[in-house]
Amino acid sequence: MSKIKNELKNDPLMPLRHSAEHVLHCVMQRLYPDLKKVMGPPIEDGFYFDFDLDYKISPDDLPKIEAEMQKMIDANLPIVKKEVSVEKAKKEFGDNWYKLENIKEIESRGEKVSTYVTGTPESPYYDVDLCAGPHVESTGRIKAFKLLSVAGAYYKGDEKNKMLQRIYGAAFDSKEALDAYLHNLEEAKKRDHRKLGKELDLFSIDEYVGPGLILWHPKLSVVREEIELYWRQEHRKRGYEYVYTPHVGLASLWQTSGHLDFFKEGMYPQMSMGSKSEDEQTTYYVKPMNCPFHVRIYKSRPRSYRELPIRWCELGSVYRYEESGVLHGMLRVRGFTQDDAHIICREDQFVEEVNSILDFGLEINRILGFDKLNVYLSMRDPENKSKYVGEERVWQLAEKTLEEILVKRNIEFKKDVGGAKFYGPAIDLKAVDVIGREWQGTTIQLDMNLPARFGMAYIDQNGKEVAPIMLHRTLLGSMERFVGTLIEHFGGAFPVWLAPVQVAIIPISEKNNEYAQKVSKILKQQNIRVEVDERDEMMQAKIRDAQMKKVPYMLVVGAKEESEGAVNVRLRDGKTLGMIKTEEFTQRVAQKYLTKGLDLW
Ligand SMILES: [Zn+2]
Ligand SMILES: [Zn+2]
């Protein structure tokens with residue numbers, strides 16, 4: 001959150017976007033004299049404007065408003081800051097209850113009232129608004145804007161308050177930048193995993209099951225199964241061991257771990273079983289994290305320095321009670337499976353372990369189609385040190401060490417000051433998708449909390465008890481969010497190794513069904529996922545259907561193919577490869593599957 005706010009504050013386009021909002025509210029006031037302005041901040045890529053108006057603005061009204069805005073921009077009116085007294089402000093905005101409320105708040109904070117004046121009293125577009133700015137110096141600086149949508153919004157975001165209207169807009173310093181943004185917006189709509197999830201029969205969220213809980217349909221389960229298989233193989237190769245842990249744990253566990261102190265509002269409420277005997281604990285919580293279980297495995301017996309590093313991984317399903325307002329398809333959910341791991345090591349092993357996780361994270365992201373990653377070093381907020389557990393010396397050392405690792409590897413990164421969790425700094429790799437959006441994925445976190453809380457230790461060379469270093473890490477984040485991201489990244493057209501159906505066989509007529517089945521059998525022997533479309537439909541319709549389902553390969557088979565022991569190959573991108581021997585095609589696809597290539601041929 002802090003970072004987003006900071007980035008907004010530092011965004012050089014913020015004054016322009018804020019000024020575009022002033023132009024919007026000014027022309028709205030002119031077009032709808034009964035309108036009461038409420039507020040309008042700049043946001044990422046644009047702005048919004050909240051207002052109180054009986055007439056309901058519809059998307060059809062937007063072009064008219066835009067035309068009026070353009071006139072005001074072309075008039076290139078000055079936007080000037082003016083400080084006024086509270087009394088004067090109250091008089092100036094006397095007919096607007098919302099602004100008066102705002103002035104009272106400013107007054108109670110003991111701040112000065114500042115206004116921004118657009119135009120001059122005699123110009124038709126004259127406007128004075130309560131505002132802290134900053135703004136561009138004149139309306140002509142707004143080079144490109146577009147109004148995007150109309151929505152409802154409660155006053156101050158509180159559903160007990162009046163429902164207002166809100167207009168969203170985008171604003172940029174060039175037409176090209178705006179066009180690129182609008183293009184990406186269209187792309188994002190087309191790629192929306194919720195839309196594709198329905199069209200391709202991938203997953204659902206069911207009102208009978210509950211919001212934020214994902215039902216994986218067979219097709220998407222194939223994608224997940226392939227990723228998990230790959231994930232397990234890679235972990236074995238890299239010296240990890242798998243563990244399995246329960247979905248619930250006693251309150252005492254979550255008390256010791258600190259979750260009941262620091263994370264309770266994110267947890268599902270307790271389950272109390274009613275006591276069977278006096279001394280039996282009977283209050284359980286569903287797990288929001290896997291960590292305490294792994295710690296208890298570590299604590300199940302004494303550990304020697306020789307055993308370290310320990311690398312335990314688990315595809316662990318956890319549940320967190322997210323507010324319903326933030327739930328979003330598979331991307332923000334209430335139940336998810338983390339691809340979790342904990343590394344418990346000695347201080348002298350720390351750097352090497354972080355480097356190995358970085359290698360692993362880069363590799364798995366690349367294989368899964370994310371070449372571009374934005375790297376962040378999440379650090380403490382130095383202004384707010386009391387928020388964090390752990391010794392000052394350890395924090396400084398940990399942050400410095402993580403930074404050195406990134407520098408040494410020539411990895412470009414940004415510092416996310418204030419972005420660290422309360423228990424330690426972290427390195428985050430955010431995947432950048434085809435339309436430039438950033439997705440939270442790999443994270444490597446140092447934990448200065450749990451080892452102390454649980455009294456974790458190992459016996460060193462001299463027989464002394466020493467506290468180990470603990471790292472939390474996920475590579476994909478969660479299966480739900482990651483696969484949701486993948487759907488959008490690939491627009492539903494998964495690479496061959498992940499595609500739920502890899503090959504669609506399309507017999508030209510009923511007479512060719514038998515040969516189609518024969519080809520299908522050959523492909524299945526190589527573990528290729530294949531479907532034969534024997535429906536009584538025209539061949540063209542079947543090809544179109546397979547293409548809509550984003551099946552990588554379509555094999556059209558008729559008498560000619562049969563006599564040649566071949567198939568006629570079409571790719572889902574529309575390319576036709578013509579007749580290819582069945583055996584050759586099979587080998588090629590089997591190879592593509594093994595190497596996890598992203599291209600089709
Ligand atoms: Zn303003
Ligand atoms: Zn953990």
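Candidates ILE103, ILE79: the one that is assigned by TED's automatic domain parsing to the domain that holds HIS135 and either closer than 25 Å to ILE142 by Cβ or aromatic (Phe, Trp, Tyr) (or both) is ILE79. The listed residues are GLU107, GLU111, GLU159, and the only one of them that is surrounded by fewer than 16 Cβ atoms within 10 Å (Cβ to Cβ), in a helix (DSSP H, G or I) and either free of Cβ contacts under 8 Å to residues at least 40 places away in the same chain or within 16 Å of ligand 2 (Cβ to nearest atom) (or both) turns out to be GLU107. In this structure, PHE336 does not qualify as within 16 Å of ligand 2 (Cβ to nearest atom), touching a Ser or Thr at 6+ places or on another chain (Cβ under 7 Å), more than 28 Å from LEU373 (Cα to Cα) and not aliphatic (A, V, I, L, M). Just one of the listed residues (GLY361, GLY325) is among the small types (Gly, Ala, Ser) and away from ligand 2 (no atom under 16 Å from the Cβ), namely GLY325. Any residue in segment 123-151 that's in the same structural domain as ILE43 (by TED's automatic domain parsing): show its pairings with residues that are of a type in the set (Lys, Arg) at Cβ separation under 6 Å, as long as the two are six or more apart or on different chains. Note: pairs meeting the criteria are LEU130/LYS99; GLY133/LYS81; ALA144/LYS175; ALA151/ARG166.
Only one entry in LYS71, LYS99, LYS146, LYS64 is within 27 Å of LEU13 (Cβ to Cβ), touching a Gly at 6+ places or on another chain (Cβ under 9 Å) and modelled with pLDDT of 90 or more, namely LYS146.
Test GLY274 against the criterion of being in contact with a helix residue (DSSP H, G or I) (Cβ under 9 Å, 6 or more places away or on another chain) and small (Gly, Ala, Ser), and give yes or no. For GLY274, the condition - in contact with a helix residue (DSSP H, G or I) (Cβ under 9 Å, 6 or more places away or on another chain) and small (Gly, Ala, Ser) - is not met.
For segment 532-571, taking the residues that are in a helix (DSSP H, G or I) and of a type in the set (Gly, Ala, Ser), the one that is surrounded by the most Cβ atoms within 10 Å (Cβ to Cβ) is identified as ALA546. Residues in segment 116-132 that are under 19 Å from ASN76 (Cα atoms) and surrounded by 14 or more Cβ atoms within 10 Å (Cβ to Cβ): TYR116, VAL117, THR118, GLY119, TYR125, TYR126, ASP127, VAL128, ASP129. crowded, with 21+ Cβ neighbours inside 10 Å, in a helix (DSSP H, G or I) and in contact with a Leu (Cβ under 8 Å, 6 or more places away or on another chain) - does that describe any residue in segment 517-531? Scanning segment 517-531 turns up at least one residue that is crowded, with 21+ Cβ neighbours inside 10 Å, in a helix (DSSP H, G or I) and in contact with a Leu (Cβ under 8 Å, 6 or more places away or on another chain). Exactly one residue out of TYR208, TYR230 is exposed (fewer than 15 other Cβ atoms within 10 Å of the Cβ), outside any strand (DSSP E or B) and within 27 Å of the chain's Cα centre (by Cα): that is TYR208. Any residue at all in segment 282-303 that's surrounded by 12 or more Cβ atoms within 10 Å (Cβ to Cβ), free of Cβ contacts under 8 Å to residues at least 24 places away in the same chain and not assigned by TED's automatic domain parsing to the domain that holds ALA452? Yes. For ILE427, indicate whether it is within 16 Å of ligand 2 (Cβ to nearest atom), within 20 Å of the chain's Cα centre (by Cα) and among the aliphatic types (A, V, I, L, M). Here the answer is yes, as ILE427 does meet what is asked. Of everything listed in (1) in a helix (DSSP H, G or I); (2) at pLDDT below 95; (3) outside the structural domain of GLU66 (by TED's automatic domain parsing), the single unmet condition for ASN184 is (3). Here is a check on your reading of the model: is VAL80 within 15 Å of PRO134 (Cα to Cα) and of a type in the set (A, V, I, L, M)? Here the answer is yes, as VAL80 does meet what is asked.
The values are calculated or read from the model by the stated rules, or taken from the named source; none is laboratory data. As the structure is a computational prediction, the values presented were derived from the model and not from experiment. All Cβ positions, glycine included, derive from the backbone under ideal geometry; neighbour counts span all protein chains shown.
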